[in-house]
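Derivation of every value follows stated rules applied to the coordinates shown; laboratory data play no part. None of the values given here were measured: they were computed from a predicted structure. All Cβ positions, even for glycine, are placed from backbone atoms using ideal geometry, and neighbour counts span all protein chains on display.
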Amino acid sequence: MIRHIGDLDCAHRRVFVRADLNVPLTAESHVADRMRIDAFLPTLRFLLEQKARVIVASHLGRPKGQVNHAYSLLPVAEVLTEILSQELIFPESCVGGGLVKLSHDMEPGSVVLLENLRFVAGEEKNDPQFSENLAALGDVYVNDAFGTLHRAHASTVGMVGHFQEKYAGFLVEKEIKELRMLSHNPKRPFLAIIGGAKVSDKIHLIEKFLDRVDSIILGGGLAYTFLKAQGYAVGSSKLEEEVLHVAERILQKAKRKGVTVLLPCDHLATKKIGVDAQATLINKKAIPDGLIALDIGPHTREEFKACVADANTIFWNGPLGFFEIPAFSEGTRSIAQAVAESDAHSVIGGGDSALALNSLGIADKVSHISTGGGASLAYLEGRTLPGLHALEV
Ligand code: AMP
């Protein structure tokens, strides 16, 4: 059983909250996208309304256990100050320096945002001493960092054992509820759209989905290993020979289970990848020698859109083309539009698909956008999330 944060009585108590404030920054170190900050607000506001002493901790980027100001949480502290209209205490570090005293002395209803947890090597190593130091900062532990639940780090696992009282935050509850719905009782027809670069990253997810979905669209770079498995030439497109046999097995399993697998039937391709690359239309499944397929073609777009329109539940992870290059962004854009227009319950699990919806200004038209691509894929694959498991009482 995991305790519900709504039952937490925390007036004047020190609440340590692990949040996921790992936001993208601009070159000038400003917050480029507030989605993860906004997603944390229900938990933060709840704790402040209860007049808790709130200690918030997060990582940002990959500073690899060393202090690196390019990954400071200062820009996040500035945004939080603006949103909450109250001053935040932002110490220089997440350990030492009188933090324990500060956690006792701070005013009820105020917030300390610790500096990036990953400035200390002990965080990612799940180090017992670092875990103990962090645990000394709170009386109650709350985890609202959905995006890091699949990592066994000091702040998500190691420190949790030091607490009698531990809770899942509102964001974690909401994300898990959405994913459970997909695993247990999705409204049919259930369609999964899986794109992105690498088959090896998503092969377990695709295999798992065959037990749950009615149809599955495979697009992006990973589609070409499947086309090759069907016997088509793929030119110089992305191909992972080492998982070709798994792709073959998946296609056979889909047939046995009556799951429709949709693969691109035409493509936009180029000879060389680059920002100015021009698209050549290939009007058939097979790709000629020397060409790299980087997006789905117009026929495929129509076929995929029709499948989206028929679905009552949709899960989407990964772009359907090399969308960073404008000439190859149409596939992802048109599918994003179709998902937004559909009446289906739609769950978006991951960064690039969410980005596509955001850039089109239609993010609010889908039912749920997950704040954690890696964590949602791990959950849907059926893997135990260490951060979630640690909250069990
Ligand atoms: P992922 O992180 O696995 O979702 O992959 C996202 C990346 O896949 C993006 O950076 C895309 O540029 C890339 N991608 C999508 N389609 C293709 C393709 N046809 N060939 C190569 N890379 C692709």
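If I model the range 239-305 as equal point scatterers sitting on the Cα atoms and use the Debye formula, what is log10 I(q)/I(0) at q = 0.20 Å⁻¹?
Values, matching the q order: -0.94.
Over the Cα atoms of the range 159-304, Rg to Rh with Kirkwood Rh, two decimal places?
That ratio is 1.10, to two decimals.
What is the range 61-199 by shape, rounded, prolate or oblate, if you read a ≥ b ≥ c off the alpha carbon gyration tensor as root eigenvalues and call it rounded for a/c under 1.5, prolate for a/b larger than b/c, and oblate otherwise? Each step should come with its number before you reach the end.
Details: a/c = 1.74, a/b = 1.66, b/c = 1.05.
Prolate is the answer for the range 61-199, as a/c is 1.5 or above and a/b outweighs b/c.
Give me the orientation-averaged projected area of the Cα convex hull of the range 262-393, in nm², one decimal. Please list the in-between numbers first.
Values: hull surface 39.1 nm².
It is 9.8 nm².
Please check: in the Gaussian network model of the chain (C-alpha springs, under 10 Å), which one of Asn68, Asn116, Asn126 has the largest mean-square fluctuation.
Ranking Asn68, Asn116, Asn126 by mean-square fluctuation puts Asn68 first.
Taking Cα atoms of the range 48-135, Rg/Rh with Kirkwood Rh, to two decimals? Intermediate values should be presented prior to the final figure.
Details: Rg = 13.2 Å, Rh = 13.6 Å.
Ratio value, two decimals: 0.97.
Per residue and in cubic angstrom, what volume does the convex hull of the Cα atoms of the chain have?
Looking at the chain, the number lands at 143 Å³ per residue.
Could you give P(r) for the range 337-390, binned at 10 Å from zero, as whole percent values over all Cα-Cα pairs?
In order of increasing distance, the bins hold 24, 46, 23, 7 percent.
At what distance in angstrom do the alpha carbon centres of the range 368-383 and the range 225-241 lie from each other?
The distance from the Cα centre of the range 368-383 to that of the range 225-241 comes to 27 Å.
What number does the range 204-245 give for Rg over Rh if you use C-alpha atoms and the Kirkwood radius?
Reported Rg/Rh, Kirkwood definition of Rh: 0.99.
Output wanted: per-residue J couplings in Hz (rounded whole) for the range 53-68, from phi through Karplus 6.51 cos²θ - 1.76 cosθ + 1.60, θ = phi - 60°, x for Gly and Pro.
8, 9, 10, 9, 10, 7, 10, 8, x, 10, x, 6, x, 10, 5, 8
List the residues whose amide H sits under 5 Å from the amide H of Leu291, counting only those 5 or more places along or on another chain, with H placed 1.01 Å from N in the peptide plane.
Long-range HN contacts for Leu291: Ser236.
Semi-axes, largest first, in whole Å: what does sqrt of 5 times each Cα gyration tensor eigenvalue give for the range 1-95?
Gyration-tensor ellipsoid for the range 1-95: 25, 15, 13 Å.
Per the Debye formula with a single identical scatterer at each Cα and no solvent contribution, what log10 I(q)/I(0) holds for the range 96-175 at q = 0.18 Å⁻¹?
Log10 I(q)/I(0), no solvent term: -0.81.
Can you tell me the orientation of helix 35-49 relative to the chain, as the angle in degrees between its alpha-carbon axis and the longest Cα principal axis, to the nearest 10?
Roughly 30 degrees between the two axes.
What is the range 43-177's relative contact order, in percent, from Cα pairs under 8 angstrom and six or more apart in sequence?
It comes to 27 percent, rounded to a whole number.
Can you give the convex hull volume of the alpha carbon atoms of the range 175-248 per residue, in Å³? Present the calculation step by step, with values, prior to reporting the outcome.
On the way: hull volume 6.7 nm³, N = 74.
Convex hull of Cα atoms, per residue: 91 Å³.
Given contacts defined as C-alpha pairs under 8 Å and at least six residues apart, what's the relative contact order of the chain, whole-number percent?
Taking the mean separation of contacting Cα pairs over the length of the chain, I get 16 percent.
Over the range 90-129, calculate the relative contact order: mean separation of alpha carbon pairs under 8 Å at least 6 apart, over the residue count, as a percent.
47
Got a sec to turn the phi values of the range 375-388 into Karplus ³J(HN,Hα) couplings, 6.51 cos²θ - 1.76 cosθ + 1.60 with θ = phi - 60°, whole Hz, x for Gly and Pro?
Coupling constants for the range 375-388: 5, 5, 5, 4, 4, 5, 6, x, 6, 6, 8, x, x, 7 Hz.
Sort Val393, Val172 by Cβ crowding within 10 Å, fewest neighbours at the top.
Result, fewest neighbours first: Val393, Val172.
Non-local amide H neighbours of Val56 (under 5 Å, H modeled in plane, Pro and chain starts lacking H): which ones?
So Val56 has HN proximity to Val17, Val112, Leu113, Leu114.
Quick check: Cα centre of the range 259-334 to Cα centre of the range 18-76, how many Å?
Using only Cα atoms, the two centres lie 35 Å from each other.
Where does each of Glu207, Glu87 land when they are ranked from fewest to most other beta-carbon atoms within 10 angstrom? Kindly include the intermediate steps, with their values, before the conclusion.
Details: Glu207 15, Glu87 10.
Result, fewest neighbours first: Glu87, Glu207.
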